[in-house]
1. Please provide three numbers in whole Å: the alpha-carbon extents of the range 124-167 along the principal axes, with the largest listed first.
2. Kindly state, to the nearest 0.05, the FRET efficiency for LYS167 paired with GLN215, given R0 = 25 Å and r defined as their beta-carbon distance.
3. Could you work out the relative contact order of the range 43-170? I mean the mean sequence separation of Cα pairs under 8 Å and 6+ apart, divided by the number of residues, in percent.
4. For the chain, what does the relative contact order come out to in percent, with C-alpha contacts under 8 Å and a separation of six or more?
5. What distance in nm separates the two pseudo spin-label positions at LYS253 and LYS112, each 7 Å out from Cα along the beta-carbon direction?
6. Please report the equivalent ellipsoid semi-axes of the chain, computed as sqrt(5 x eigenvalue) of the Cα gyration tensor, largest first, in whole Å.
7. If each DSSP helix of 4+ residues adds -39,500 (n - 2.57) and the sum is divided by the residues in the chain, what number results at 222 nm, nearest 500 deg cm²/dmol?
8. Please figure out what share of the DSSP beta bridges in the range 2-275 is antiparallel and state it in percent, rounded to the nearest 5.
Amino acid sequence: MKMQITDVAGVGTRCVVAGEPDAPAVFLLHGLALTADVWLRNIDALAKTHRVVAPDMLGHGFTRPASDAPVDILAKVRHLRDLADALGIDKLSLCGSSYGALIASLFFLDNKQRVEKLVINGSGSCFNTEEQLVSQVAKLHALYEPTLTRSTPEMWRERIGNNFFDKSKVPVELLPIAALCYAQPWAAPRWAETMAIMGSAERFRPFRILGRLEQLTLPTLVVWGRDDKGGSLESATAAIKRMPNARLVTFDKCGHYPMIEHPEQYNELVTKFLAA
């Protein structure tokens, strides 16, 4: 794998990439607070059969928006479309973690002809009720906001570890990257913008997919850790019953990041799904 900066309509977009340029493409989309580096245990494995692109989404990580104007959810979807165009990718599959799965689902609903398969990983953003989501966002805001702009690797070990079944599996390489990310003066305000939208039932309602699950007609794999504190397994189980072409796979002894806590099992599962 390698890191690169791709110009996307004037926005320098940080991506971790791997695989042959002419292989089927898959985008890996990170969650709300972290970066493309959550996929470091998966990129090379998936690149054996696919062209893998793991971007820092617009307003996240090291992908700074071109202006100080607010970045809404649809702007992130359009940015990913423009990234695919900039890389010369017409058809692609999407694999999203948490909030990234919401962005992936919205991308499909806006670009149905371009998306072949979808993987949703532990996403309360997709499947939690309004009440559950508002409550979860409030908890996350209280946890992160007080120290976000002066965070340390040790703080991130604690914060990320709260979402793991086995805290010893928190990748050490994520910790300084997260601290460096929020040392950028623009990063925390962008995070706060997104949290404000997610934490308001009224503002977030136009972006909810819970009422549109029947429209997710493409082959979809939903992966869930049984010990996930951020997403409700019960909500996910109910949701896939409404999705025309979806199946749910659960991982035991696993929190919010199945791709990190059980990378070998996860990589095998997703590789087979994408190849089927």
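Just so you know, all these numbers are worked out from the coordinates, no wet-lab data involved. Please read all numbers here as calculations on a predicted model, not as lab measurements. Positions of Cβ are backbone-derived with ideal geometry, glycine not excepted, and every protein chain shown enters the neighbour counts.
1. 33, 25, 12
2. After rounding, the FRET efficiency stands at 0.10.
3. Relative contact order, the range 43-170: 15 percent.
4. Working: 528 pairs, mean separation 53.4, N = 276.
Reported relative contact order: 19 percent.
5. 4.3 nm
6. Output for the chain: semi-axes of 24, 22, 20 Å.
7. Working: 12 runs with 107 residues, N = 276.
Estimated from H runs of four or more residues: -11000 deg cm²/dmol.
8. In the range 2-275, DSSP labels about 30 percent of beta bridges as antiparallel.
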